[in-house]
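Working notes, beginning with the structure itself.
A short reminder: the numbers here are calculations on the coordinates, not readings from a lab. Bear in mind that the values here come from a model prediction, so they are computed numbers and not experimental data. Don't worry about glycine lacking a Cβ; one is built from the backbone with ideal geometry, like all the others, and counts go over all protein chains shown.
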Ligand code: FAD
Ligand code: DHB
């Protein structure tokens, strides 16, 4: 078999890349170990930066997003018994949109299938080979058990943190920066209307809590828990009691409802450089992971492939390697900004087990600062809605 771009992984990165390439007349195949149903049901991120919304709109993928997405002009930061609003619209002129990653994935799969794009689900034993040649090879075993070999012009490793593509870059050419956190997030999807008009990020001595949403009928809530926590230790009543405690505010009520789904997500910061080796390009979680506080993971994945689609188009259609050569460096600048922002939001809002009371005082001082100084609030806001560098005057 032969195609122009072999794409490993049908997450948001791989699916959007195949769509953007098709719009530019470039053929690809997407191969995915999981089933379509699994990819469409996986509960993950929920916040799209304005730039991500624009990319999806420009690609003709935003029909349902424009109808069902919920535009948010800010967030609340809650600490020391107060809830303060950070107004993104006022501070940056931009907003974010709450639209679940599962919905983005459903829309992307539907668009690829409708366009007759090649996506194979339920494959196994993926291999990439000859990636430093002009004809890299993608091998896998199809759902029918037949081993296949695809000759490509380039391969995109969009196979997430646990994928195989990053390991195809020789270890001595790769630099990795990694750090874990001494806590995890327990997330629930609840069948109850959101109790708030904007997301609430709550600092509490018992640990961080986040109130997000999925629709006017569905709430999404998260709690800081120990990193090695078992979900069995958290029956629904205990989850609601802890959420009630961490969000408590006089005159405000957290509405409870049936827990439709729950799970625990570990947290880490991870960056691997370079994101390109020969004709193998990494994008999204395959190259970098951020802790979820700040909602950057999905947005970084979409930004990487937007850049990659342009780079592959000039490489494969015009024979120009300029954008492909710049791909890793350009992406990593944005990745490091988001890595710092996510780490900063995380360490400002979570309580470190065993840390003394100094940590809490420093966090409270920082929270008071970002909610009282326009300069500090603008810094948070411009990172949250998606930082775009601008030349400094003078
Ligand atoms: P993925 O979505 O991971 O897609 C990679 C795909 O590759 C998967 O479908 C996988 O099955 C497939 N694959 C893996 N190996 C192979 C192989 N060998 N061959 C073929 N296919 C393969 N971000 C936030 O901003 N907020 C959140 O609340 C949040 N929650 C998260 C919860 C969890 C449990 C996880 C794992 C991530 C969460 N994230 C969150 C991060 C965000 O969801 C990711 O950044 C985003 O999914 C990245 O997209 P991606 O396409 O790069 O990778
Ligand atoms: C959601 C996840 C995040 O990590 C975040 O910072 C905000 C919202 C969400 O799943 O809705």
Checklist entry - Alpha carbon centre of the range 327-356 versus the range 153-218: separation in Å? => result 12 Å
Next on the checklist: Run the simple label-point estimate for residue 357 and residue 340 please: 7 Å along Cα→C-beta, distance reported in nm.
Outcome noted: 3.3 nm
Next on the checklist: Between 0 and 90 degrees, rounded to the nearest ten: what's the tilt of helix 322-349 against the longest Cα principal axis of the chain?
Outcome noted: 20 degrees
Checklist entry - At what distance in angstrom do the alpha carbon centres of the range 56-93 and the range 232-279 lie from each other? => result 19 Å
Next on the checklist: Below 8 Å, C-alpha to C-alpha, sequence gap of six or more: please give me the relative contact order for the range 201-335 in percent.
Outcome noted: 15 percent
Next on the checklist: Starting from the 7 Å offset along Cα-to-Cβ, what nm value, one decimal, do you get for the label separation of residue 89 and residue 379?
Outcome noted: 2.6 nm
Item to check | Within the chain, helix-based [θ] at 222 nm, where runs of 4 or more DSSP H residues each add -39,500 (n - 2.57), nearest 500 | outcome: -10500 deg cm²/dmol
Item to check | Relative contact order for the chain, counting Cα pairs under 8 Å that sit 6 or more residues apart, in percent | outcome: 20 percent
Checklist entry - So how compact is the range 281-360: Cα radius of gyration and Dmax in angstrom? => result 16.9, 60
Next on the checklist: If you fit an axis through the alpha-carbon atoms of helix 357-370 and take the longest principal axis of the Cα set of the chain, what angle between them do you get, 0 to 90°, nearest 10?
Outcome noted: 80 degrees
Checklist entry - Where in the range 203-235 is the amide nitrogen less than 20 Å from a point lying 7 Å along the Cα-to-Cβ axis of residue 365? => result 203-205
Next on the checklist: Given bins 10 angstrom wide, list per bin the percent of all Cα-Cα distances in the range 7-114, short to long.
Outcome noted: 13, 39, 28, 14, 5, 1
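Based on a Kirkwood Rh over C-alpha pairs, give the Stokes-Einstein translational diffusion coefficient of the range 68-201 at 10 °C and viscosity 1.306 mPa s in µm²/s. Could you put the intermediate results ahead of the total?
Details: Rh = 20.1 Å.
D = 79 µm²/s.
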Checklist entry - What does the convex hull of the alpha-carbon atoms of the range 5-47 project to on average, in nm²? => result 3.5 nm²
Checklist entry - If one computes P(r) from the Cα atoms of the chain, what percent of pairs lie at distances over 37 Å? => result 23 percent
Item to check | Pair residue 118, residue 24: separation of 7 Å Cα→Cβ label points (nm) | outcome: 1.9 nm
Checklist entry - By how many nm would the segment from residue 326 to residue 265 lengthen if fully extended, with 0.36 nm per residue of separation less the alpha-carbon distance? => result 18.7 nm
Checklist entry - What's the Cα-based Rg to Rh of the range 178-267, Rh via Kirkwood? => result 0.95
Checklist entry - Once you have the alpha carbon radius of gyration of the range 99-152, what is it after dividing by 2.2 N^0.38 Å, with N set to its residue count? => result 1.42
Checklist outcome for this item: Least to most buried among 288, 204, by other C-beta atoms within 10 Å and fewest first, runs 204, 288
